[in-house]
Amino acid sequence: MNQLQKLLNEMGIVRQNSPGLFTLTPLGVRSLEKLVKIVDDELKYVGCQKLQLPILTAGNLWKTTGRWESTGSELLTIKDRHARDYVLSPTHEEAITDFVASLPQLTHKQLPLKLYQITSKFRDEIKPRFGLLRGREFTMKDLYTFDKTVEAAHETYDLICTAYNRIFQRLNVPFVKVVGSTGNIGGLSSHEYHFPSSIGEDDLKICSACNSGSNAEIATTDVCSKCGSPVKQTKGIEVAHTFLLGTKYSQILNALFSAEDGSRSVCQMGCYGIGISRILAASVEVLGTDSEIRWPKLIAPYSVCVVAPKGGSKEESAIQLAHFLANQIDQIQPFMQDVILDDRMTTTVGKKLMEAKRVGYPYIIVVGKKSSQPVPLVELHDLNQNTQNVYTVAELFDYLKQTVKN
Ligand SMILES: [Zn+2]
């Protein structure tokens with residue numbers, strides 16, 4: 001495991017149970033739930049509906065599409081007491097297509113259908129490494145779309161890509177979208193979203209002029225296919241993938257709808273993944289330093305950490321001020337239920353500050369040496385801006401409220 005993934009373990013965000021399997025602690029779950037909310041908001045905005053498929057998919061469905069054999073040893077399978085095969089699903093094209101096929105009254109008026117879930121997925125890695133970046137169980141958002149024509153499926157595809165762009169823009173981690181290989185999922189075309197990073201496992205070729213690019217697996221020349229400028233090679237961590245599937249699954253599994261002329265037609269599909277737990281690990285990888293975690297502001301476990309003085313210290317009387325600040329900041333809209341107070345009595349302010357920086361809370365307020373003066377002063381560490389200033393309480397609130405507006 002590399003340094004930052006170790007740090008996520010050390011600071012109590014995740015804990016590795018056995019190779020490739022992780023417990024998310026309450027801090028880790030807070031980050032995960034914040035990310036889930038961003039994804040939910042943006043997908044619902046473009047008309048997607050959330051559902052939940054079983055984690056186990058009947059092996060027969062995977063045998064029907066041929067993926068039982070073609071996926072190989074990465075597929076985790078089990079048998080029940082009747083010796084029936086099941087897949088611990090890494091993805092759900094079979095299950096969702098079978099579900100849509102079970103809707104006998106589906107008509108063109110109900111299309112497009114845009115159905116997604118955010119659940120655990122499984123992959124039997126030979127050698128799990130990079131911590132949460134490549135687990136054997138991971139949290140993934142998978143969306144499947146069903147359209148009546150190829151043209152409509154293209155429009156849906158473009159619409160979902162706009163939602164993906166908004167998700168990554170809100171996270172504010174540098175990302176690139178490149179043309180990807182369709183691999184074992186199959187289909188007509190695909191795109192990948194990457195966080196550029198030296199520890200990434202994918203080689204990307206990105207145009208130095210227009211920023212379009214492709215995965216090196218499928219790049220054919222060393223010049224940009226769009227503008228002819230030279231391309232540069234870089235490493236990326238894949239965090240999302242989109243596929244235009246055509247009828248690969250809907251044909252075999254009979255996902256049909258009644259067309260305008262009354263005939264039964266095959267749905268045109270798309271599928272779209274986002275690695276939710278991987279984004280947590282990958283954004284920390286991109287933003288962090290060797291010794292300190294940094295989060296995209298919107299998905300830090302808590303936005304604000306208030307560090308209270310140690311019991312028995314000269315500033316002990318300011319412990320009340322720390323409680324007051326934590327309570328008041330909790331009243332400011334975006335920080336509601338998003339403030340953590342470190343009021344451990346036997347730990348020094350310096351140690352508590354060091355730990356808060358390592359966890360990477362975006363705003364750390366230290367109630368320290370100057371806090372017991374007639375006009376108390378507190379320190380504000382704005383980690384994402386990399387600034388540190390001393391403020392009166394009124395100035396502190398102004399700063400935080402101003403931050404909210406920006
Ligand atoms: Zn170009």
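You will find that of K232, K226, K205, the residue that is of a type in the set (K, R), within 13 Å of the ligand (Cβ to nearest atom) and either outside any strand (DSSP E or B) or within 28 Å of T65 (Cα to Cα) (or both) is K226 and no other.
The residue of the range 170-201 that is farthest from the ligand (Cβ to nearest atom), among those that are farther than 22 Å from D158 by Cβ and open to solvent by 30 Å² or more (accessible area, probe 1.4 Å), is N184. Restricting Y363, Y399 to residues that are among the hydroxyl-bearing types (S, T, Y) and open to solvent by 20 Å² or more (accessible area, probe 1.4 Å) narrows the list to Y399.
For the range 235-275, how many residues meet the condition of being among the acidic types (D, E) and assigned to a strand (DSSP E or B)? Explain how you work it out, then say what you get.
Taking the range 235-275 as the starting set, the residues that turn out to be among the acidic types (D, E) are 238, 260-261.
Retained after the next criterion (residues that are assigned to a strand (DSSP E or B)): 238.
Total meeting the criteria: 1.
Kindly check whether there is at least one residue in the range 208-217 that is in a loop (DSSP other than H, G, I, E, B), open to solvent by less than 70 Å² (accessible area, probe 1.4 Å) and free of Cβ contacts under 8 Å to residues at least 12 places away in the same chain. No, there is no match, as no residue in the range 208-217 is in a loop (DSSP other than H, G, I, E, B), open to solvent by less than 70 Å² (accessible area, probe 1.4 Å) and free of Cβ contacts under 8 Å to residues at least 12 places away in the same chain.
Candidates in the range 285-328 are the residues that are free of Cβ contacts under 8 Å to residues at least 40 places away in the same chain and among the small types (G, A, S); of these, the one that is nearest to D343 (Cα to Cα) is G311. Test I167 against the criterion of being surrounded by 17 or more Cβ atoms within 10 Å (Cβ to Cβ), touching a helix residue (DSSP H, G or I) at 6+ places or on another chain (Cβ under 7 Å) and either in contact (Cβ under 8 Å) with a residue 40 or more places away in the chain or closer than 18 Å to C267 by Cβ (or both), and give yes or no. Here the answer is yes, as I167 does meet what is asked.
Within the range 157-176, at least one residue is acidic (D, E) and within 30 Å of S258 (Cβ to Cβ). The set of residues in the range 111-135 that are touching a Leu at 6+ places or on another chain (Cβ under 6 Å) and at pLDDT below 95 contains only D124.
Report yes if some residue within the range 276-287 is of a type in the set (S, T, Y), assigned to a helix (DSSP H, G or I) and assigned by TED's automatic domain parsing to the domain that holds G20; otherwise report no. I'd like the intermediate steps shown before the answer.
From the range 276-287, those of a type in the set (S, T, Y) are 277, 283; that's our starting set.
With the extra rule that they be assigned to a helix (DSSP H, G or I), the set shrinks to 277, 283.
Filter once more, keeping what is assigned by TED's automatic domain parsing to the domain that holds G20: 277, 283.
Yes: one or more hits.
List every residue pair whose Cβ atoms lie under 8 Å apart, where the two residues are 6 or more positions apart in sequence or sit on different chains, the first residue falls within the range 249-260 and is at positive phi, and the second residue, located anywhere, is open to solvent by less than 20 Å² (accessible area, probe 1.4 Å) and in a loop (DSSP other than H, G, I, E, B). Taking only residues 6 or more apart or on different chains, not a single pair turns up. Per the conditions (1) under 18 Å from F243 (Cβ atoms); (2) crowded, with 16+ Cβ neighbours inside 10 Å; (3) in contact (Cβ under 8 Å) with a residue 60 or more places away in the chain, the sole criterion not satisfied by W62 is (3).
The values are calculated or read from the model by the stated rules, or taken from the named source; none is laboratory data. Because the structure is a prediction, the values reported are computed rather than measured. A quick note on method: Cβ atoms are made from the backbone with ideal geometry, for glycine too, and the neighbour counts reach across all protein chains shown. Ligands, DNA and RNA are excluded from the accessible area calculation, which covers all protein heavy atoms including side chains. Shrake-Rupley method; radii C 1.70, N 1.55, O 1.52, S 1.80 Å.
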